[in-house]
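Peer 1: Structure provided below as structure tokens; questions to follow.
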Amino acid sequence: MLEHVDRVQIAVTDRAAAAQTFADVFDAETVKDDEVKALGAKRRVVHAGTSEFELLEPSGPGPVQDYVEEWREGLFGAGFSTKDVGALAKRLDAKGVGYDEEGGQLFIAPDQTPGLRMVISEERERPMVGLIRYLYEATNLINDHEAAANFYAHAFGLDASKFVPIASKDYGYKGQLTMFNPPERLDRIELSQITDPYRPMGRFMQRRGGECLYMCYVEAESVDPIAERMDARRLRYARGGENTHNPDNMFLHPSSLHGVLMGCSRTNAAWVWSGHPELYAAGARAG
């Protein structure tokens, strides 16, 4: 019942400053300003690619204020679209997954999942804006990837036969990609079970006290324009990556993007490690 990774939520101390960063780096456009009472936050929504980024500034006591007080800025939640929010809400009720409903969205706290704060929105078609194409991944650090995969399949109606095994000695994890609809789309939750607690992912999970959201990934026609913009602003990033087999991959450092670690891969490059490497062939287009 999940269609796309259509947004992420970012806890920030100044939503206007964060929106400017997204405009400077990705050519993102501001969509709206409002408030989310369930999170205790003022929200500025910006549009980049076909995705949205919810920039959440504390408006009073609540989950966003708690996050900012403990961690300053950072990746707060991952958002997914569905064709029928009401039907998914009924499914979550049946599965015993709690949520808050506000403004047509479902807000799911991390204690209801394997540590992943989620927001569910109605599936909407959006024009492609700026330098990225779309979000396609949220990374969930978990204790048991098989148990987590079983949870997401049953709670959200995903087809576990489409999930793709993953492992990395260099990054110190094993797990699965919960592919929503391959090979048409890359969208998924990455389930990463730590195998080396001394690597950065393992240390992050220890600092956060257990299962949690770690990073997100976007796709772009080319990573070069984004790198050029970051160079001009002296923002930190790294090129390459263990699984890319090409230089068309980059990681935007959290210090550059209001506490968010974001991967960015060139069009179709991610299929190399997502179960359909043939789609990376010259001229191939998917997603």
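The values are calculated or read from the model by the stated rules, or taken from the named source; none is laboratory data. None of these values were measured; they are calculated from a predicted model. No Cβ is skipped: glycine too gets one built from the backbone with ideal geometry, and neighbour counts run over all protein chains shown. Accessible surface areas use protein heavy atoms only, side chains included; no ligands, DNA or RNA. Shrake-Rupley method; radii C 1.70, N 1.55, O 1.52, S 1.80 Å.
Peer 1: On the given criteria, is M215 part of a helix (DSSP H, G or I) and touching a residue at least 60 places away in the same chain (Cβ under 8 Å)?
Peer 2: On the way: part of a helix (DSSP H, G or I): no; touching a residue at least 60 places away in the same chain (Cβ under 8 Å): yes.
No: the conditions fail for M215.
Peer 1: All but one of (1) more than 23 Å from F26 (Cβ to Cβ); (2) at pLDDT 95 or above; (3) under 19 Å from the mean Cα position of the chain (by Cα); (4) not polar (S, T, N, Q) hold for R199, so report the exception by its number.
Peer 2: Checking R199 against (1) more than 23 Å from F26 (Cβ to Cβ); (2) at pLDDT 95 or above; (3) under 19 Å from the mean Cα position of the chain (by Cα); (4) not polar (S, T, N, Q), the one that fails is (3).
Peer 1: With respect to L158, is the statement that it is in a loop (DSSP other than H, G, I, E, B), open to solvent by less than 50 Å² (accessible area, probe 1.4 Å) and on the phi < 0 side of the Ramachandran plot true?
Peer 2: Considered against the rule, which asks whether it is in a loop (DSSP other than H, G, I, E, B), open to solvent by less than 50 Å² (accessible area, probe 1.4 Å) and on the phi < 0 side of the Ramachandran plot, L158 comes out as yes.
Peer 1: Quick check on my filter: what residues within the range 122-131 are out of contact with any helix residue (DSSP H, G or I) (no Cβ under 7 Å at 6 or more places or on another chain) and open to solvent by less than 50 Å² (accessible area, probe 1.4 Å)?
Peer 2: Correct list: R126, V129.
Peer 1: While we're on this one: Could you go through the range 235-249 and let me know if any residue there is over 24 Å from F151 (Cβ atoms), modelled with pLDDT of 95 or more, open to solvent by less than 30 Å² (accessible area, probe 1.4 Å) and outside any strand (DSSP E or B).
Peer 2: no
Peer 1: Ok, one more. Within the range 186-212, track down each residue that is touching a His at 6+ places or on another chain (Cβ under 7 Å) and either closer than 14 Å to A138 by Cβ or without any contact (Cβ under 8 Å) to a residue 24 or more places away in the chain (or both).
Peer 2: Residues of the range 186-212 that are touching a His at 6+ places or on another chain (Cβ under 7 Å), as a first pass: 187, 191, 193.
Scanning the range 186-212 gives D187, L191.
Peer 1: Could you pull out every one of the helices (runs of 4 or more DSSP H) wholly within the range 1-116 that has 2 or more residues that are in contact (Cβ under 8 Å) with a residue 12 or more places away in the chain, over 30 Å from R266 (Cα atoms) and open to solvent by less than 30 Å² (accessible area, probe 1.4 Å)?
Peer 2: 63-71, 85-95
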